[in-house]
Amino acid sequence: MRIATWNVNSVNARLPTVLAWLEQAAPDVACFQEIKCVDEKFPREAFESLGYNVETHGQKSYNGVALLSKYPLSDIRRGLPGDETDEQARYIEALVEAPRPIRVGAIYLPNGNPIGTEKFDYKLAWFDRLNRHAQYLLAFEEPLALCGDYNVIPEAEDAKNPAAWTDDALFQPESRQAFRALKNLGLADAHELGGEPAGTYTFWDYQAGAWQRDHGIRIDFALLSPQAADRFRGIETHRDARDMEKPSDHVPVVVDLDLEA
């Protein structure tokens with residue numbers, strides 16, 4: 001099974017690009033972030049025509065996540081538990097009914113900038129909720145993949161120019177500690193499992209020629225439970241997608257798992 005995660009940065013604005021990549025890469029499951037539309041405006045027919053079942057958790061103009069699967073989806077969860085007042089659409093989860101089922105969560109973690117504001121507090125509180133929910137899911141001891149844009153730079157090697165991010169919420173000690181705490185629950189980073197080299201970035205800003213100068217960062221992850229990590233077969237970061245026509249500022253990360261029955 002191929003599971004992809006991609007912050008598409010507006011699915012309707014980049015629909016031809018997204019569809020072209022899906023046809024070429026042919027993932028079985030795709031986790032989208034920043035779809036930037038309400039559920040009714042998601043172009044589901046375009047994806048259904050490629051053989052995908054579609055579930056969305058959208059929001060007007062901002063945020064929004066989606067799950068696409070060539071297998072049936074069940075046990076859908078929209079929204080991260082732990083705060084009933086949270087109106088931001090940043091989490092969707094489902095059971096992918098493959099020959100060996102796997103639970104997949106699509107995550108768009110808050111950016112948190114500027115630090116020292118309620119936005120950074122929200123980021124850390126959201127991280128805490130994610131960690132609690134991940135702990136709950138791991139107790140089932142089933143294949144699990146939590147994929148998405150985590151908006152955190154875990155280590156200095158995950159940025160071309162770490163000094164440029166010193167005052168950014170993505171590189172604060174609290175953000176990095178929250179990410180380590182999540183992994184320490186027993187989740188494996190597919191990037192590390194696959195031995196991808198330092199300098200494997202997933203995001204390049206549109207500004208200041210970041211892509212042309214390769215001033216990238218790695219902030220998109222596929223974290224796997226032990227039961228999924230045992231079936232890990234490979235990972236690809238599709239850097240070339242950043243050079244497509246009208247690209248997202250993120251690129252897809254694709255993980256291969258052996259989920260035969």
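The values are calculated or read from the model by the stated rules, or taken from the named source; none is laboratory data. Computed from a predicted model, the values in this text were never measured in an experiment. Glycine also receives a Cβ, built like all others from the backbone with ideal geometry; neighbour counts cover every protein chain displayed. Note: areas computed on protein heavy atoms with side chains; ligands, DNA, RNA excluded. Shrake-Rupley method; radii C 1.70, N 1.55, O 1.52, S 1.80 Å.
Tabulated results
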quantity: Calculated P(r) tail over 16 Å for region 114-197, as whole % of Cα pairs; calculated: 57 percent
quantity: Estimated dipole of region 190-244 in Debye, rounded to 20 [Cβ of Lys and Arg +1, of Asp and Glu -1, Cα centre]; calculated: 40 debye
quantity: Accessible area (Å², per residue) of the chain, counting only protein heavy atoms and a probe of 1.4 Å; calculated: 43 Å²
quantity: Inverse of mean 1/r across different Cα pairs in region 42-102, Kirkwood, Å; calculated: 12.5 Å
quantity: Interatomic Cα distance distribution for region 85-139, bins of 10 angstrom, percent; calculated: 20, 44, 25, 9, 2
quantity: Gyration tensor (alpha-carbon) shape descriptor, region 176-224, a/c threshold 1.5; calculated: prolate
quantity: Cross-link partners of Lys119 among lysines (Cα-Cα below 26 Å; sequence separation of 8 or more within a chain); calculated: Lys36, Lys60, Lys160, Lys183
quantity: Quotient of Cα Rg and 2.2 N^0.38 Å for region 128-259, N being how many residues it contains; calculated: 1.08
quantity: Computed lengthening from Ala139 to Gln177, 0.36 nm per intervening residue step minus Cα-Cα distance; calculated: 11.5 nm
quantity: Per-peptide average of other Cβ atoms within 10 Å, ordering 31-41, 211-221 highest first; calculated: 31-41, 211-221
quantity: Surrounding net charge for Phe179, when Lys and Arg each add one and Asp and Glu each subtract one, Cβ distance under 15 Å; calculated: -3
quantity: Three-way shape call for region 37-192 based on the alpha-carbon gyration tensor, with the a/c threshold at 1.5; calculated: prolate
quantity: The chain - percent of accessible surface contributed by carbon and sulfur, probe 1.4 Å; calculated: 46 percent
quantity: Inter-part distance where region 127-153 and region 64-100 are each reduced to a Cα centre, Å; calculated: 12 Å
quantity: Charge context of Phe221, other residues only, Cβ under 12 angstrom, K/R +1, D/E -1; calculated: -4
quantity: Projected area averaged over orientations for the chain, convex hull of C-alpha atoms, nm²; calculated: 12.7 nm²
quantity: Protection proxy ranking, peptides 78-87, 122-131, average beta carbon neighbours within 10 Å, highest first; calculated: 122-131, 78-87
quantity: Mean separation of Cα contacts under 8 Å, 6 or more apart, over the residue count of the chain: relative contact order %; calculated: 20 percent
quantity: Shape of region 1-115, Cα gyration tensor, a/c cut at 1.5; calculated: oblate
